[in-house]
Amino acid sequence: MTMQENRNHPGIPEFFAGKTVALTGATGFIGQLLIEKLLRSCPDIKGLILLIRSKKGKSITERLQKIIEPPIFDKLRKTRPEFASKLIPVSADIEKPGFALSDEDVQLILDEVNVFIHSAATTKFNEHLTLSYAVNTNGVHELLKLCRKIKNLHAFVHISTAFSFCDKSFIGEEVYPTGWDYDKLRTSMQRMSDEMVSDLTPDIVKDRPNTYTLTKAFGEEVLVKEGEGLPICIIRPSIIGSTYNEPIPGWCRSLNGPTGHFIAFAKGYARLLCARSDHYLDIIPADFVVNGIIAAAWKTALSGRSDQLLSKVSTTKYHASLPKNISREQLQLLGYTKEDESVSVQARRKSIPIYHIVTNPKYALTISRMASSMMHHFTRYPVDNALRLPENVIVISNKFLYRTCAFFLEYIPACMFDAGLILFGQKPKLLRVLRLLSSAMTALQFFLYNHWEWDEGSTLKLQREMSDRDQKEFNFSKDDFDLKLFIERYYMGTKRYVLKEDPLGYPAARRHLWRLRVLGWIFQFCVFMITWRILIPRSQLARNLWHLLTSFWSKFLRFTSISSNLSRFKMFH
Ligand SMILES: CCCCCCCCCCCCCCCCCC(=O)SCCNC(=O)CCNC(=O)[C@H](O)C(C)(C)COP(=O)(O)OP(=O)(O)OC[C@H]1O[C@@H](n2cnc3c(N)ncnc32)[C@H](O)[C@@H]1OP(=O)(O)O
Ligand SMILES: NC(=O)C1=CN([C@@H]2O[C@H](COP(=O)(O)OP(=O)(O)OC[C@H]3O[C@@H](n4cnc5c(N)ncnc54)[C@H](OP(=O)(O)O)[C@@H]3O)[C@@H](O)[C@H]2O)C=CC1
């Protein structure tokens with residue numbers, strides 16, 4: 001019998017009624033959307049305990065005010081103006097032992113929390129391994145210790161990433177071994193200086209592109225090895241884009257993921273993308289991720305502990321391959337292990353429910369199609385004060401060719417532009433932007449060259465188990481998903497919420513584009529005239545070339561007039 005058929009199961013809002021949810025990462029992109037959605041769609045929820053750290057001189061109460069400031073909370077402000085009274089901020093720093101929680105806050109969590117959602121992470125790809133480990137791996141370890149003591153915990157939802165095992169091309173619903181004893185690695189790192197850790201990082205990271213994906217994979221291993229007996233599930237979203245529908249379409253707030261590139265191309269800062277044009281970019285709307293998280297919490301709470309399923313799972317022995325550049329002894333000292341795992345750990349790798357929230361190639365756009373649909377939006381809804389005309393994004397897969405073209409088409413114009421700014425007494429800026437983009441491009445490269453596919457079995461099953469009402473209210477199904485519309489909304493949202501541009505300001509932006517176009521023509525005309533004036537009187541070759549060009553041009557005109565006459569002739573006969 002499915003859960004939908006079982007009338008004894010409460011729906012999602014009914015399940016959350018009277019429950020308290022604890023959330024890490026509340027100030028983050030997903031955290032903010034989760035708070036809004038839980039308050040709006042589960043109106044009888046008892047409260048949300050938000051684990052926030054004070055940062056940049058801002059206290060946790062000041063930061064809470066910032067969380068609920070953006071327009072995503074406008075609907076709630078209108079319908080339930082008192083919603084903020086359900087939010088309880090507590091001071092917690094994931095990097096510190098026990099999150100540096102006060103005794104009262106620990107007690108509050110132990111007494112009250114029913115669902116724990118762990119969304120905090122350092123999402124910077126090239127973060128120092130020690131910090132990335134502290135937040136993305138050790139954070140999970142600390143959280144499990146806390147969760148074990150909670151009196152009435154129904155679900156623990158861990159947000160990971162679809163790329164935690166990006167060293168594989170087909171990613172199943174299991175936690176693959178990284179080959180590392182993460183605990184031993186931590187002890188080894190504690191004995192090393194930051195510089196030593198940096199030097200060894202490429203060997204530790206090995207087949208992965210960055211410290212982020214490795215430490216997120218470790219985070220999942222912590223759940224396998226230390227989460228026994230707890231009602232755990234893992235959510236693995238792919239590249240999270242803006243919202244598709246709710247609470248407002250197109251909501252996004254940072255340059256993360258593809259957003260930075262959208263802006264760079266729209267503003268005319270960049271023209272080239274170093275990527276495989278046939279590569280699928282697996283971007284998923286943020287509201288799908290949020291709805292998936294909430295539905296998974298509901299399902300986990302109703303299904304009970306994941307290890308109840310252990311008996312159904314077959315076990316296989318895993319052996320991860322060795323990193324290449326350092327010796328086996330050095331690796332073993334650091335924590336790399338080839339020891340066989342206990343049967344229960346092997347079984348738990350497959351028994352923890354994992355939900356991939358992804359588009360998968362079936363629904364994803366290739367980079368070249370994405371680039372051409374983006375170009376359409378750039379010219380239809382131009383950004384304010386573009387530096388250059390947004391021209392076709394040129395996708396180049398050969399890295400050497402890309403660097404050569406970037407030098408001529410991006411860096412030389414940027415130098416000229418910055419020189420102009422300096423001449424007019426302003427600060428140069430384009431070269432800095434290009435340097436940032438180039439660093440982002442290097443960091444994202446791995447994701448622009450490799451293909452992945454994910455097993456979506458559990459995610460689809462979860463959708464089927466929801467009631468019709470919940471499927472609508474907590475939608476993450478791709479059945480009616482219009483990817484092109486999503487991309488359009490994403491771009492408009494980038495313009496409105498990241499660039500903070502007036503959505504009605506298109507006429508001025510179009511006039512600006514038109515001025516740029518005319519300036520471009522004038523510039524090309526001037527270059528042409530100067531070259532002509534200098535070369536034609538001096539060189540026979542230039543004169544020959546000129547004659548060749550003009551005769552070619554007149555032949556072309558004759559040909560087009562003949563073919564248009566011909567087509568008119570065809571139309572009448
Ligand atoms: C026409 C359309 C064609 C389509 C093109 C699409 C191409 C993009 C493809 C995207 C693939 C994304 C794959 C993600 C997959 C993993 C999914 C997750 O779990 S991931 C979870 C999500 N995580 C992420 O997405 C993290 C991505 N970001 C990073 O890892 C790092 O920021 C970094 C490596 C890019 C630079 O590190 P570092 O050198 O140490 O420097 P800082 O960090 O201090 O930042 C310096 C400045 O750069 C700024 N900026 C930041 N990002 C971008 C950008 N993309 N761009 C431009 N600028 C960017 C930043 O705001 C700052 O500006 P300012 O304040 O100084 O003015
Ligand atoms: N965005 C994406 O494309 C994807 C994200 N994910 C995962 O989804 C989750 C949410 O991502 P997203 O919201 O985009 O990330 P953000 O970078 O927007 O937010 C990260 C959150 O983690 C908190 N955090 C980081 N370090 C600490 C710390 N030491 N103590 C307390 N809090 C801390 C941040 O708090 P503070 O404001 O104090 O820094 C912030 O609230 C993450 O687990 C991420 O790995 C997975 C796939 C894709």
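The values are calculated or read from the model by the stated rules, or taken from the named source; none is laboratory data. Since this is a predicted model, take the numbers as computed values, not measurements. Heads up, the Cβs are rebuilt from the backbone with ideal geometry, glycines too, and the neighbour counts pull from every protein chain shown.
Could you tell me whether Thr79 is surrounded by fewer than 21 Cβ atoms within 10 Å (Cβ to Cβ), in contact (Cβ under 8 Å) with a residue 12 or more places away in the chain and among the polar types (S, T, N, Q)? If you could, list the steps in order and put the result at the bottom.
Values: surrounded by fewer than 21 Cβ atoms within 10 Å (Cβ to Cβ): yes; in contact (Cβ under 8 Å) with a residue 12 or more places away in the chain: yes; among the polar types (S, T, N, Q): yes.
Criteria met by Thr79.
Suppose the filter is of a type in the set (A, V, I, L, M, F, W, C), within 28 Å of Pro249 (Cα to Cα), in contact with a helix residue (DSSP H, G or I) (Cβ under 9 Å, 6 or more places away or on another chain) and within 16 Å of ligand 1 (Cβ to nearest atom); does Ala84 pass it? Before the answer, list the steps.
Values: of a type in the set (A, V, I, L, M, F, W, C): yes; within 28 Å of Pro249 (Cα to Cα): yes; in contact with a helix residue (DSSP H, G or I) (Cβ under 9 Å, 6 or more places away or on another chain): yes; within 16 Å of ligand 1 (Cβ to nearest atom): no.
In short, no.
Hey, could you check region 29-64 for residues that are in contact with an Asp or Glu (Cβ under 8 Å, 6 or more places away or on another chain) and within 16 Å of Pro247 (Cβ to Cβ) and say which is farthest from ligand 2 (Cβ to nearest atom)?
Ser41
What are the residues in region 390-407 that are surrounded by fewer than 16 Cβ atoms within 10 Å (Cβ to Cβ) and modelled with pLDDT under 85, if any?
Glu391, Asn392
Return yes when Ser306 is modelled with pLDDT under 70 and crowded, with 20+ Cβ neighbours inside 10 Å and no when it is not.
Numbers: modelled with pLDDT under 70: yes; crowded, with 20+ Cβ neighbours inside 10 Å: yes.
It is true that Ser306 is modelled with pLDDT under 70 and crowded, with 20+ Cβ neighbours inside 10 Å.
Out of the residues in region 490-508 that are among the charged types (D, E, K, R) and crowded, with 17+ Cβ neighbours inside 10 Å, state the one that is farthest from the chain's Cα centre (by Cα). Walk me through how you get there before you give the answer.
Within region 490-508, the subset among the charged types (D, E, K, R) is 495-496, 500-502.
Then drop every residue that is not crowded, with 17+ Cβ neighbours inside 10 Å, which leaves 495-496, 501.
Numbers: Lys495: 17, Arg496: 19, Glu501: 22 Å.
The residue in question is Glu501.
Residues of region 251-262 being crowded, with 20+ Cβ neighbours inside 10 Å, over 10 Å from the mean Cα position of the chain (by Cα) and either within 16 Å of Ile30 (Cβ to Cβ) or more than 16 Å from ligand 1 (Cβ to nearest atom) (or both), which ones?
Correct list: Trp251, Cys252.
Given the conditions (1) more than 18 Å from Gly268 (Cα to Cα); (2) touching a Gly at 6+ places or on another chain (Cβ under 7 Å); (3) not charged (D, E, K, R), which single one is not true for Phe481?
Phe481 satisfies every listed condition except (2).
Can you name the residue in region 97-126 that is loosely packed, with under 14 Cβ neighbours inside 10 Å and of a type in the set (D, E, K, R) and is also farthest from ligand 2 (Cβ to nearest atom) among such residues?
Asp111
Among what's in region 153-169 and is more than 16 Å from ligand 2 (Cβ to nearest atom) and modelled with pLDDT under 95, pick the residue that is surrounded by the fewest Cβ atoms within 10 Å (Cβ to Cβ). Give the steps one after another, and end with the answer.
Residues of region 153-169 that are more than 16 Å from ligand 2 (Cβ to nearest atom), as a first pass: 153-155, 167-169.
Among the residues that remain, those that are also modelled with pLDDT under 95 are: 167-169.
Values: Asp167: 19, Lys168: 11, Ser169: 9.
Applying the filter and picking the extreme gives Ser169.
Determine which member of the set Lys206, Lys168, Lys124, Lys149 is more than 30 Å from Pro361 (Cα to Cα) and either basic (Lys, Arg) or in the same structural domain as Gln346 (by TED's automatic domain parsing) (or both). Step through it out loud before you land on a result.
Details: Lys206 fails: more than 30 Å from Pro361 (Cα to Cα); Lys168 fails: more than 30 Å from Pro361 (Cα to Cα); Lys124 fails: more than 30 Å from Pro361 (Cα to Cα).
Sole residue among the options that is more than 30 Å from Pro361 (Cα to Cα) and either basic (Lys, Arg) or in the same structural domain as Gln346 (by TED's automatic domain parsing) (or both): Lys149.
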